[in-house]
Amino acid sequence: MELLNILFVAPFLDMADSPVFFAEVVITGLLTGIMYSLVALGFVLIFKASGVFNFAQGAMVLFAALTLVGLMERGVPIPFALAGTVLVMIALAMLIERMMLRHLVNQEGIILFMATIGLNFLLEGAGQIAWGSNVKVLDIGIPDQSFEVYGILLNQFDLFAAGTGAVLVTTLAVFFQKTTIGRALRAVADDHQAALSVGIPLKTIWVIVWSVSGIVALVAGIMWGAKSGVQFSLSLIALKALPVLILGGFTSVPGAIIGGLIIGVGEKIAEIYWGPAFGGAIEGWFAYMLALAFLMFRPQGLFGEKIIERV
Amino acid sequence: MFYRETGQFKTNYQKDQQVFPIAQDRVFVALLLIVAFGVVPFVANEYWLQAILIPFLIFSLAAVGLNLLTGYAGQVSLGTGAFMAVGAYATYKITTNIPEINIIIVFLLSGGIAALVGILFGLPSLRIKGFYLAVATLAAQFFILWLFNKVGWFYNDNPSGTITAPPRTLFGIMISGPRATAEVRYFVALIFLVGFTIVAKNIVRGRIGRSWMAIRDMDIAAEIIGIEPLKTKLMAFAVSSFYCGVAGALSVFVWLGSAETEAFDIFLSFQILFMIIIGGLGSIMGSIVGAAFITLVPIFLTNAPALFGLPISTDLSKHIEEIVFGGLIVYLLIVEPHGFARLWQIGKEKLRQWPFPY
């Protein structure tokens, strides 16, 4: 009886008791969710275009953030440091294509997946050797003050992150839908061979898509880095983005956004209202359980392409 | 010249169907076993046994288990570490509460408990496939470790939060706990590995193994020819988790001596997945070779700078180790995506024709 009360009655009473606090929890959740989406976006882009499940996305986030901080520490002004990091990420994409992807064309998904785990180790090691492994503060002048709207406490930084996320997604959507390269990307995602046969250069497309997701990783790295410092644990964010991915579907950009929001809100609400019943620290696995529950009803994720199987 | 089956006639089906149909293979495996049982424990010193050979044997067992699930039944799992943790904690719980039960039986019982947990977390595999399933198995990984950390009952509420191997004897010989000698623990791990490898080999070449492979190759087609996906997939999860559970129990009781949940974190799962991919998916021998490789390389890399007399700080050498390890894995996957098992196969073909390749 006690347990049922804790699980099914008390949390809802708490919510009804202070709607303002509840709204605050939801908004914090939404804003965290956007941060998750930023990481998940990089995964989706690469998976769409090359069918590679890129586990190294987390390491790319770390690598981009480390490079940016490293450049800034050496006295490079922010705009140049940003541009420099973008260049580094593009160079990295070319390197990955040339050294790795090119040789692994037509391999099974799991082989490519393991190769990206190898890449993950490589990037983590290389980034920390090049720029040092101590915790660094990333400050690129985003205001970080709280203010109140209708009694709800909001944080400027979180709003800024949300705005950046929105801009990024819109840009990507336009890029995918309206430009020639975007159309080529979608063609490659649909069918590698058909795309090749109409003259789309596969290797160039891969470089482009890895560069774009490198830049997305940079944005995610800036946001996460400014929030919690640039350090090794940044690469573990990949593990936070995975449930977002399966929830939204591997192949859907909107899915990554909506999935991120659902996970963000669900996680915060669960932690605050149901966490005490479980003894706390349920954030680590709750997202996965939530995603799993969704998957039971839609095995391809919320927005994934319907899987049609034939014999 | 030496590796050729000329003149070895099979006169009945039993001979035709045996595990090693070629006499040279049988001799090779027999020699390997003789060395493993009769030479290694008496030659190797404490460090070699404790730091290299025992972990190698235990990881091999886990890798064989995962290969049954991923290589033969085609279900990618990232929850290996958690299933190993289930085995370890179950063993601890049973043997501390009922010390009378023989420790070997406790190991097997814990394997059974791990199998049950495996079935539970294998249920989603009926609905979801591929990478969706792989990520879904991470739920098992994180949830189980959280549970073992949070609920004191699992580690008998001791304040340190670790589980420690109590001393247990078999036929009057101490096989677990701090006073067991490395040689004895090596033998325990070796016997488990050899026994379970034989069982695994015979599972995969029988009816069950064939139904797993059918499911792996195309589950809808397999269903149409009368293989029940529910039974087959869950059986694969159960058997695989059983192996991982026993390996996890061994890793605490005959290797580490005591452990926290961190010993079974997600990197262990990745490591074991590496072993079977580097070794070769769908190959029992490959799992063992892969385990040897993944266990030995980091140890070699850690000791390499000192070996060549290079003064490198531990921090730097850790990162270099990461780079080399990652690079090596990418390189191996590029050179031979099907792992050492395929290399072995190619080598055997070459050897068969040597020295007259026409």
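Rule-based calculations on the coordinates, nothing more; no lab input. Quantities reported herein were computed from a predicted structural model and do not represent experimental measurements. Cβ: placed from backbone, ideal geometry, glycine included. Neighbour counts: every protein chain shown.
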**Study point:** Charge dipole (the protein assembly as shown, unit charges on Cβ, about Cα centre) - positive-most of B:Ile329, B:Ala85, B:Leu250
**Key:** B:Ile329
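Can you figure out the FRET efficiency of B:Leu32 with B:Thr169, using R₀ = 30 Å and their beta-carbon distance, to the nearest 0.05? Don't skip to the answer; put the middle values down first.
Details: r = 29 Å, r/R0 = 0.98.
For B:Leu32 and B:Thr169, the calculated efficiency is 0.55.
Given R₀ = 41 Å, what would the calculated FRET efficiency be for B:Thr302 paired with A:Ala83, taking r from the Cβ atoms and rounding to 0.05?
Working: r = 39 Å, r/R0 = 0.95.
Efficiency, rounded to the nearest 0.05: 0.60.
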Review point. Check B:Leu170: other-chain or 5+ apart residues with amide H under 5 Å from its amide H, H built from backbone geometry?
Key: B:Ile175
Review point. Can you work out ³J(HN,Hα) from phi for every residue in the stretch B:41-50, in order, using Karplus 6.51 cos²θ - 1.76 cosθ + 1.60 and θ = phi - 60°, giving whole Hz and x for Gly and Pro?
Key: x, 8, 9, 5, 8, 3, 4, 4, 5, 6
**Study point:** Hz values of 3J(HN,Hα) by residue in the stretch B:74-86 - Karplus curve (6.51, -1.76, 1.60), Gly and Pro given as x
**Key:** x, 9, 6, 10, 10, x, 3, x, 5, 5, 5, 4, 4
Review point. Using 0.36 nm per residue, how much length does the chain from B:Arg210 to B:Arg342 gain when fully extended, once their Cα-Cα distance is taken away?
Key: 45.5 nm
Practice item. Taking the convex hull of the Cα atoms, report for chain A its projected area averaged over all directions, in nm². Key: 18.9
Point to revise | Across A:Lys136/A:Lys268; A:Lys48/A:Lys306; B:Lys93/B:Lys231; B:Lys129/B:Lys201; A:Lys227/A:Lys268; A:Lys306/B:Lys231, pairs whose alpha-carbon gap is larger than 20 Å | key: A:Lys136/A:Lys268; B:Lys93/B:Lys231; B:Lys129/B:Lys201; A:Lys306/B:Lys231
Exercise for review: Note the per residue figure in Å³ for the convex hull of the C-alpha positions in the stretch B:207-358.
Suggested key: 199
Point to revise | Gain upon complete extension [A:Val135, A:Val198; 0.36 nm per residue less C-alpha separation] | key: 17.8 nm
Revision key, fill the gap. Given trypsin sites (Lys or Arg not before Pro), DSSP loops and at most 16 other Cβ atoms within 10 Å, the longest exposed-site-free stretch of chain A is A:75-305
Review point. Aspartates and glutamates within cross-link reach of B:Lys150: Cα-Cα under 20 Å, excluding same-chain residues under 8 positions apart?
Key: A:Glu2, A:Glu267, A:Glu271, A:Glu283, B:Glu260, B:Glu262, B:Asp265
Check your understanding: Taking the simple approach of a point 7 Å from Cα along Cα-to-Cβ for both A:Arg183 and B:Gln18, what is their distance in nm?
Key -> 6.7
Review point. For B:Gln8, what is the net charge nearby, where nearby means another residue's Cβ is under 12 Å from its Cβ and Lys, Arg count +1, Asp, Glu -1?
Key: +1
Revision key, fill the gap. Non-local residues with an amide H under 5 Å from the amide H of A:Leu138, with H modelled 1.01 Å from N and Pro and chain starts lacking one, are A:Gly229, A:Val230
Practice item. Please list, in chain and number order, the residues 5+ apart from A:Glu305 or on another chain whose amide H is under 5 Å from its amide H, with Hs placed from the backbone. Key: A:Thr251
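Between B:Leu316 and B:Ile98, what length comes free when the chain is fully extended (0.36 nm per residue of separation minus the Cα-Cα distance, one decimal in nm)?
73.7 nm
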Point to revise | Under DSSP loop assignment and at most 15 Cβ neighbours within 10 Å, longest GluC sites (Glu not before Pro)-free interval of chain A | key: A:109-304
Practice item. Using R₀ = 41 Å, calculate the FRET efficiency as 1/(1 + (r/R₀)^6) where r is the Cβ-Cβ separation of B:Ala44 and B:Leu351; round to 0.05. Key: 0.90
Check your understanding: Taking only C-alpha pairs under 8 Å that are 6+ residues apart, what is the relative contact order of chain B in percent?
Key -> 28
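Using alpha-carbon pairs under 8 Å, 6+ residues apart, how would you state the relative contact order of the stretch A:2-297 in percent? Mind showing how you got there, number by number?
Values: 402 pairs, mean separation 111.4, N = 296.
Normalised by residue count, the contact order of the stretch A:2-297 is 38 percent.
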**Study point:** Span-rule helices in chain A, defined as complete DSSP H runs reaching 27 Å or more along the axis (Cα) with Kyte mean at least 1.0
**Key:** A:19-50, A:78-99, A:109-131, A:156-178, A:202-228
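What list do you get for A:Ser18, B:Ser77, A:Ser50 if you sort them by fewest beta carbons within 10 Å? Let's see the in-between values first.
Details: A:Ser18 11, B:Ser77 31, A:Ser50 23.
Listed from fewest to most nearby Cβ atoms, that is A:Ser18, A:Ser50, B:Ser77.
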Review point. For the stretch B:45-81 and the stretch B:260-292, what is the separation of their Cα centres, given in Å?
Key: 5
Revision key, fill the gap. HN-Hα couplings for the stretch B:225-230 via Karplus (6.51, -1.76, 1.60; θ = phi - 60°), in whole Hz with x for Gly/Pro, come out as 7, x, 9, 6, x, 4
**Study point:** Centroid-to-centroid separation of the stretch B:192-232 and the stretch B:1-42 [C-alpha atoms, Å]
**Key:** 25
